[in-house]
1. With label points built 7 Å along Cα→Cβ from the Cα atoms of residue 257 and residue 463, find their separation and express it in nm.
2. How far is it, in nm, from the label point at residue 446 to the one at residue 246 when both lie 7 Å from their Cα along the line to the Cβ?
3. What's the local net charge at residue 193, with K and R +1, D and E -1, over the other residues with C-beta under 12 Å away?
4. What's the FRET efficiency of residue 151 with residue 310 using the Cβ-Cβ distance as r and R₀ = 25 Å, to the nearest 0.05?
5. For every other residue with a beta carbon closer than 9 angstrom to the beta carbon of residue 469, add +1 if it is Lys or Arg and -1 if Asp or Glu, then tell me the sum.
6. Would you please state which residues of segment 423-466 a label at residue 535 would reach in this model, taking the label point 7 Å out along Cα→Cβ and a backbone N cut-off of under 14 Å?
7. Residue 507 to residue 75: extension gain in nm, 0.36 nm per residue of separation minus the Cα-Cα distance?
8. When a/c reaches 1.5 or more, the comparison of a/b and b/c decides; with that in mind, is segment 108-225 rounded, prolate or oblate per its Cα gyration tensor?
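All of the numbers you see were taken from the coordinates with simple rules; none came from a lab. What you see is a predicted model; the values in this text were computed from it and never measured. Don't worry about glycine lacking a Cβ; one is built from the backbone with ideal geometry, like all the others, and counts go over all protein chains shown.
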Amino acid sequence: MVRGRYVVSELASRPSPPSEPPGLIPVQAGPADRDSAPPAGPGAMLAGRYRLRTRVGSDLLAGAEFWQAQDTVLRRDVAVTLLRTLAPEHGAIGGDEDPTGATRAGEMIVRALRSGSFEHPGCARLLDVLAPGAPGLPGDVLGAAVTEWVNGRSLAEAVAEGMLRPLAAARAVVPLAAAAEEAHRHGFVLGCDHPQRVRVTPDGRARMCFALPRPDLRPSDDVRGLGAVLFTLLTSRWPLSGADAARAGLPAATRTAAGALEPPSAVRPGVPLELDTVARGALGPENAPGHVHTAAAVHRVLGDVVAEDERNALFPPAHDGVPSDPDDVWQDRGRPVDPPDPVRRRRLLVGLATLAAAVLLVLGYVGVQVTSLFSDPSTPTIVVGPNAGGSDPPPAADGAAAPVAGPVRVAEVTVVVETGDRDNLNRVSRVIDGDPSSTWSTVTYRQQLPALKPGIGIMASFASAVQLSELSITSPSAGTRVEVRSAPSADASVDDTELITDATLDAGTTVVALDGSQPVEHILLWITELAPSGDGFSSEVGEVEFRRAG
């Protein structure tokens, strides 16, 4: 224990469980110190080390907020779970005897400390625990836990583009179920019954990202959480709390007139009976027939389903409601063939012509060298051309055109949001890959901005400050409203940026003039209005190109 702060470091052995009884957490900072500390928000520092960057979710029943932060010492992303002082309207969460939630926070911190030695590939590793009263905590924070940041997508982003294949959903939940099984064996609870605590890695594995589950959770709640994650990946709907589903950007699961959940197979075809059964069994009442009681049972069933699929890989799969991918061995007979892309075809022809010219030049050079080996060395070399005498080349004629300013190379690009998940962060590099046909898009929202988010931004950073004359945005999402803002840093909040101009995108390429703007190193394209998309709103960007002033 160091001045009211417990540290669980990956660079040293983890501490033994604390000697204090549960609920008694040493507090060193006085009330005056906490009242004078600034509230936690984007850019705030915790314990002089962790800088909060983006809030990605919250668990109101736990009084917790989930943040993506930066470890300024090791210069890496981390996940931070903050325990906030409960507002008066949420006082009932802590109880009449604990109106601010301080006692509840102390219990959650003690549980985190006791689980500090637990490690599993299906769960982010606990790196640090900040106890109540630790120096450097903002005034409205009762404690915090720092874990590894799980790269990838939230559950809402993982299903935003359509349903996953049933076997892909099963494979995703296997490591999470294994982590819950191992945690229960050691007397811990993960808290995977909240959609924003779980993230999906780029290789399709579900992992726990955020720590500090509610102290009243039991292993049976984790079993329900496993069933909920599987149900969501199969149906794109969250089957537990409707409020949690709304905050996560997921629709709530539909129920029958009697209040029972519709099985996944009723929402989409092709769900294997085993997955349908384990999802319903994990989510059903404890005394109902077929109820799944343990995480070990969920893990075993999912493992068997995945193993059986691998054994039957040589046989055509059952129709699962999802069209086959181009690289699948078994293709749908009715799958339409994608028409040839004229842009890619033209680029391919240009590349082949360039390669052919280069080959001819190399062959010509080799031919000259071979000829020189057999030629008479006494033969004088004749140079033909305007500069044969060795004089300087003639100066350019008066009025010759000055060089045209070219595009500016973008060194880094990222997604910026004020609240919630960063929309399709792993695909934003497509806007600077030189291929307008490869696109980045926002998540499809049921309501127009700023109902759920004040805006969504693309932050482009250059190697050094540059004077820009214009930028062009290639997008099929006509009607999208974009503000062009200069930013002091790549992680600056929108309030710290300065508006240069704004524009409404057309379908195709929209050129935005930046005449008179100052040299900038970071440019934020802040989307304030999305384009209509089906029964919701979303915007898509194929390419963004910046041009320097001549």
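1. 7.0 nm
2. 0.8 nm
3. The answer is -1.
4. 0.45
5. So the environment of residue 469 carries a net charge of 0.
6. Under cut-off, by backbone N: 445-447.
7. 151.5 nm
8. prolate
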